[in-house]
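Reviewing the structure listed below.
The values are calculated or read from the model by the stated rules, or taken from the named source; none is laboratory data. In this text, all values refer to a predicted model and were calculated from it rather than measured experimentally. Note that each Cβ is placed from the backbone with ideal geometry, even for glycine, and that neighbours are counted across all protein chains shown.
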Amino acid sequence: MKIGIRYETVYRYDRAVRFSPHDVRLFPRSGRFVQIARLDFRTKPETTVRFGRDVFDNIVASCFFEEAAEALELRLAIDVEVAKKNPFDFVLARRAVQMPFAYEEDIASIICAYCQRQTRDALSLPDWTPPMQESPRETVATLVELTKLLHHTISYQRREEGAAQAPAETLRLRRGACRDTAVLLAEIPLASARTRAASTKSVVPFTLRSMASG
């Protein structure tokens with residue numbers, strides 16, 4: 001499948017101004033299933049552009065403007081070729097086939113920041129029963145069930161600006177933008193793990209935080 005993406009933003013000012021360096025993140029990730037066939041990124045005034053990647057492996061165009069101007073224009077044209085992908089074509093580590101599970105110590109020390117809850121609010125999703133030590137469940141099936149439940153529970157709300165709202169607020173309103181639902185999806189397993197840890201003294205730091213940060 002071929003997809004064409006066109007983006008344009010114009011900022012206008014009442015007088016000529018100088019611009020600090022801009023980091024532009026408008027570019028899709030490429031890989032085995034997504035190939036960028038064409039990329040044309042232009043600015044006005046013209047600038048020196050250096051492409052790099054941030055800590056999350058996103059493509060970043062760093063722009064350094066030398067001249068003042070009464071307007072700043074950013075224009076991007078991308079043609080992307082997307083191959084069909086089976087979202088379930090992956091291999092789970094043997095210890096992670098069922099939930100709950102704990103990461104090995106060397107891995108846990110690396111991803112510990114992603115295993116911390118962002119809020120202390122209690123999260124209760126109707127009709128959701130988290131896996132327990134005494135009644136483990138298949139990991140993939142459990143996450144598919146949770147995703148479907150959120151899809152049916154949380155309606156989509158378009159919100160172009162602002163950070164993700166608190167997970168408890170998304171549950172209360174039963175609506176949110178994509179980022180709100182993504183954060184909620186990451187928080188629910190963590191909330192369940194912390195509740196079990198408090199009651200059973202066992203730590204189950206399963207996390208979907210990397211999914212919510214993309």
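Residues in the stretch 124-138 that are closer than 14 Å to Ala186 by Cα and modelled with pLDDT of 90 or more: 0 in all. Restricting to the stretch 165-181, and then to whatever is of a type in the set (Gly, Ala, Ser) and surrounded by fewer than 20 Cβ atoms within 10 Å (Cβ to Cβ), can you tell me which residue is farthest from Trp128 (Cα to Cα)? My answer is Ala177.
Listed here are the residues, each with its yes/no results for (1) surrounded by fewer than 14 Cβ atoms within 10 Å (Cβ to Cβ); (2) in contact with a strand residue (DSSP E or B) (Cβ under 6 Å, 6 or more places away or on another chain); (3) more than 27 Å from Glu70 (Cα to Cα); (4) without any contact (Cβ under 8 Å) to a residue 40 or more places away in the chain.
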site	(1), (2), (3), (4)
Lys2	yes, yes, yes, no
Arg6	yes, yes, no, no
Arg18	yes, no, no, no
Val34	no, yes, yes, no
Thr48	yes, yes, no, yes
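Restricted to the stretch 52-71, and to residues there that are in contact with a Ser or Thr (Cβ under 7 Å, 6 or more places away or on another chain) and part of a loop (DSSP other than H, G, I, E, B), the residue that is surrounded by the most Cβ atoms within 10 Å (Cβ to Cβ) is Phe65.
Scanning the stretch 148-163 for residues that are part of a loop (DSSP other than H, G, I, E, B) and under 12 Å from Leu185 (Cα atoms) returns a single hit, Ile154.
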